[in-house]
Amino acid sequence: MELPLYQIDAFTDRPFGGNPAAVCPLDAWLPDETLQAIALENNLSETAFIVPRGADFDLRWFTPALEVDLCGHATLATAYLILRLLEPAREEVGFETRSGRLTVVRDGDGLTMDFPSLPPHRQVDPGDPLIAALGQAPAELHEVDKVHGMPYRLAVYDSVDEVAGLRPVFSNLGANVIATAAGDDVDFVSRFFAPLSGIDEDPVTGSAHCTLTPYWANRLDKSALTARQISARVGDLGCRLEGDRVFLTGRCVLYLEGKVTLQD
């Protein structure tokens with residue numbers, strides 16, 4: 001059996017930037033263990049699988065270690081594949097996912113995703129273990145509702161340099177952590193550490209901006225924001241808060257097109 005496979009750099013307009021995602025269109029679902037094995041073999045932070053559902057698609061995301069409930073960059077990459085390459089006459093596409101229906105529409109030379117807002121819900125004491133694991137105490141630490149059944153924290157710092165300088169001991173974090181600060185030439189910057197998901201640092205994380213957008217919209221008193229994830233690959237996003245929805249805009253670049261060969 002041969003399956004088409006595309007690797008697309010998301011939240012960037014240049015090759016080797018943003019966050020690479022694999023996208024694998026299927027005619028019907030394969031066993032979960034096969035999907036997980038493909039994701040592990042790809043060894044990217046996410047592999048997206050789609051199956052047609054009427055005019056739209058069912059969409060699932062896998063890290064090398066597990067299936068997740070929500071992924072931004074792989075959704076953007078999947079929409080890019082459909083709207084720019086496979087069905088270029090379309091203006092939008094819808095996906096049925098573990099996080100409900102997600103839609104993506106053309107937006108100039110980018111694409112805009114409609115995602116749920118996941119705001120932090122209470123400020124907590126960082127505690128010595130987390131401070132030691134991060135290597136630098138944040139000015140604020142907030143709990144976020146569990147994502148993928150895992151504990152999440154939002155760590156807010158006073159400067160871009162503090163966020164850029166973090167060198168966490170990933171095995172000691174005990175949670176997935178979004179680190180953020182107000183930006184210099186953008187509204188805010190971030191990094192995302194996800195050891196519980198099998199990813200020490202994710203290059204650019206759409207789902208993290210479902211939490212970052214409501215936090216910074218409230219703090220800066222503005223609903224439309226510019227964001228940059230300052231990983232080694234760097235990625236840029238437009239963010240907009242409307243009620244309980246977050247709209248994330250980004251670009252993509254096709255890197256690779258090939259086939260997966262599965263033996264009987």
request  = Starting from segment 107-136, keep only residues that are assigned by TED's automatic domain parsing to the domain that holds Gly238 and over 18 Å from Leu83 (Cα atoms), then list their pairs with residues that are assigned to a loop (DSSP other than H, G, I, E, B) and of a type in the set (Val, Ile, Thr) whose Cβ atoms are within a distance under 8 Å, requiring at least 6 positions of separation or different chains.
outcome  = Ala132/Val169; Ala133/Val169; Gly135/Val169
ask   = Just wondering, is there one or more residues in segment 101-119 that are among the aliphatic types (A, V, I, L, M), over 20 Å from Asn19 (Cα atoms) and exposed (fewer than 15 other Cβ atoms within 10 Å of the Cβ)?
value = no
ask   = Is it the case that segment 220-242 has a residue that's touching a Ser or Thr at 6+ places or on another chain (Cβ under 8 Å), exposed (fewer than 14 other Cβ atoms within 10 Å of the Cβ), closer than 29 Å to Arg84 by Cα and modelled with pLDDT of 95 or more?
value = yes
request  = Give the residues of segment 223-264 that are in a loop (DSSP other than H, G, I, E, B) and among the hydrophobic types (A, V, I, L, M, F, W, C), sorted by residue number.
outcome  = Ile230, Ala232, Val234, Leu262
query = So which strands (runs of 3 or more DSSP E) stay within segment 92-199 end to end and still have 1 or more residues that are of a type in the set (D, E, K, R)?
reply = 92-97, 100-107, 110-116, 120-123, 140-147, 150-156, 188-194
request  = Scan segment 9-29 for residues that are surrounded by fewer than 19 Cβ atoms within 10 Å (Cβ to Cβ) and in contact (Cβ under 8 Å) with a residue 60 or more places away in the chain and jot them down.
outcome  = Asp13, Arg14, Pro15, Phe16, Pro25
task = Specify the residue that is modelled with the highest pLDDT; the eligible residues are those in segment 110-157 that are among the polar types (S, T, N, Q) and closer than 30 Å to Arg90 by Cα.
result = Thr112
note = Restricting attention to segment 136-192, the residues that are over 25 Å from Phe11 (Cα atoms) and either touching a Cys at 6+ places or on another chain (Cβ under 7 Å) or surrounded by 23 or more Cβ atoms within 10 Å (Cβ to Cβ) (or both) number exactly 1
ask   = Which numbered condition trips up Leu70, out of (1) within 10 Å of Thr97 (Cβ to Cβ); (2) in a strand (DSSP E or B)?
value = (2)
key: The listed residue being within 17 Å of the chain's Cα centre (by Cα), closer than 21 Å to Val144 by Cβ and small (Gly, Ala, Ser), out of Ser223, Ser207   = Ser207
inquiry  = Take Leu44 and tell me if it is assigned to a loop (DSSP other than H, G, I, E, B) and within 15 Å of the chain's Cα centre (by Cα).
reply    = yes
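The values are calculated or read from the model by the stated rules, or taken from the named source; none is laboratory data. As the structure is a prediction and not an experimental result, all values here were calculated from the model. No Cβ is skipped: glycine too gets one built from the backbone with ideal geometry, and neighbour counts run over all protein chains shown.
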